[in-house]
Amino acid sequence: GMPINDLIHPADLKKLETALSKIRNGKESVFNGRILNKLKEYVDIELSGRSSNTENESVIYGIISNISAQKEYADLVKRYCIELEKINENKDKFFSILAHDLKSPFNSILGFSEYLSKYSDELTYEQINEYSLNMYQASKKVYELIENLLSWTRLQSGKIEFEKVELNLKNLTDKILH
């Protein structure tokens with residue numbers, strides 16, 4: 001067979017030498033690295049080893065495990081974690097914007113309704129009508145924001161189906177501009 005140094009990935013040789021040195025000195029050690037398989041492809045392995053010394057000889061015992069699947073799963077989990085962190089950041093930004101956009105119309109509604117409830121006896125019909133109209137417009141704005149939020153949620157969850165329609169952009173822009 002081939003010497004082990006020819007099988008180990010060049011970037012992992014120092015780690016292997018460190019692990020083997022510990023093992024030769026009677027300590028247990030674990031090495032994680034890459035080794036060539038029969039197909040001449042590098043696979044991830046874990047080598048756990050220790051030595052046993054007698055008067056006449058020193059024997060090294062070890063177990064080599066192929067950990068390629070575990071590494072792939074770990075990498076996949078890491079990618080999913082990064083993706084989830086980005087999604088979570090976007091969600092937080094979205095909720096921050098949504099809260100800000102909802103706050104202004106609600107402040108209008110609360111302010112006008114409070115004023116109407118306290119001073120309705122002193123207000124003219126025109127003033128009451130103006131304040132009610134402002135409350136209606138603010139409520140309509142909140143409703144539109146909530147409708148947009150629901151549409152966005154359906155879009156994100158894949159519950160909205162798109163229907164492709166061909167448009168003549170020249171005719172459409174001519175209609176808009178003229």
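The values are calculated or read from the model by the stated rules, or taken from the named source; none is laboratory data. These figures come from a predicted structure and were not determined experimentally. Methodologically, a virtual Cβ is constructed for each residue, glycine included, from the backbone with ideal geometry; neighbour enumeration extends over all protein chains shown. Surface areas here come from the heavy atoms of the whole protein model, side chains and all, with no ligands, DNA or RNA. Shrake-Rupley method; radii C 1.70, N 1.55, O 1.52, S 1.80 Å.
Structure above, values below:
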read-out: Backbone N under 11 Å from the I60 label point (7 Å along Cα→Cβ), restricted to segment 1-21; value: 4-5, 16-21
read-out: Cα centroid separation, segment 105-178 to segment 1-40 (Å); value: 68
read-out: Cα lying deepest toward the dipole's positive end in the chain, options L145, M2, L98, charges on Cβ; value: M2
read-out: Cα→Cβ-extended label distance, 7 Å offset, between K170 and N90, nm; value: 3.7
read-out: Helix-derived mean residue ellipticity, 222 nm - over the chain, DSSP H n ≥ 4, -39500 (n - 2.57), to 500; value: -21500 deg cm²/dmol
read-out: Hits among aspartates and glutamates - C-alpha to C-alpha of K118 under 17 Å, sequence gap 8 or more where chains match; value: E126, E130
read-out: Residue (of L116, G49, Q156) at the positive-pole extreme of segment 23-170, dipole from beta-carbon charges; value: G49
read-out: In order through segment 23-36: 3J(HN,Hα) via Karplus (6.51 cos²θ - 1.76 cosθ + 1.60), integer Hz, x for Gly, Pro; value: 4, 4, 8, x, 9, 7, 8, 10, 10, 10, x, 10, 9, 6
read-out: Selected from I87, I97, I64 as most flexible by GNM, with the chain as the system and alpha-carbon contacts under 10 Å; value: I64
read-out: Fraction of accessible area attributable to carbon and sulfur, the chain (%, probe 1.4 Å); value: 55
read-out: Estimated vicinal HN-Hα couplings, Hz - segment 6-19 in sequence order (Karplus 6.51, -1.76, 1.60; Gly, Pro = x); value: 7, 8, 7, 4, x, 5, 9, 4, 4, 4, 5, 4, 4, 5
read-out: Calculated from backbone phi, Karplus (6.51, -1.76, 1.60) coupling profile of segment 114-125 in Hz, x at Gly/Pro; value: 5, 5, 5, 5, 7, 10, 4, 5, 9, 8, 7, 4
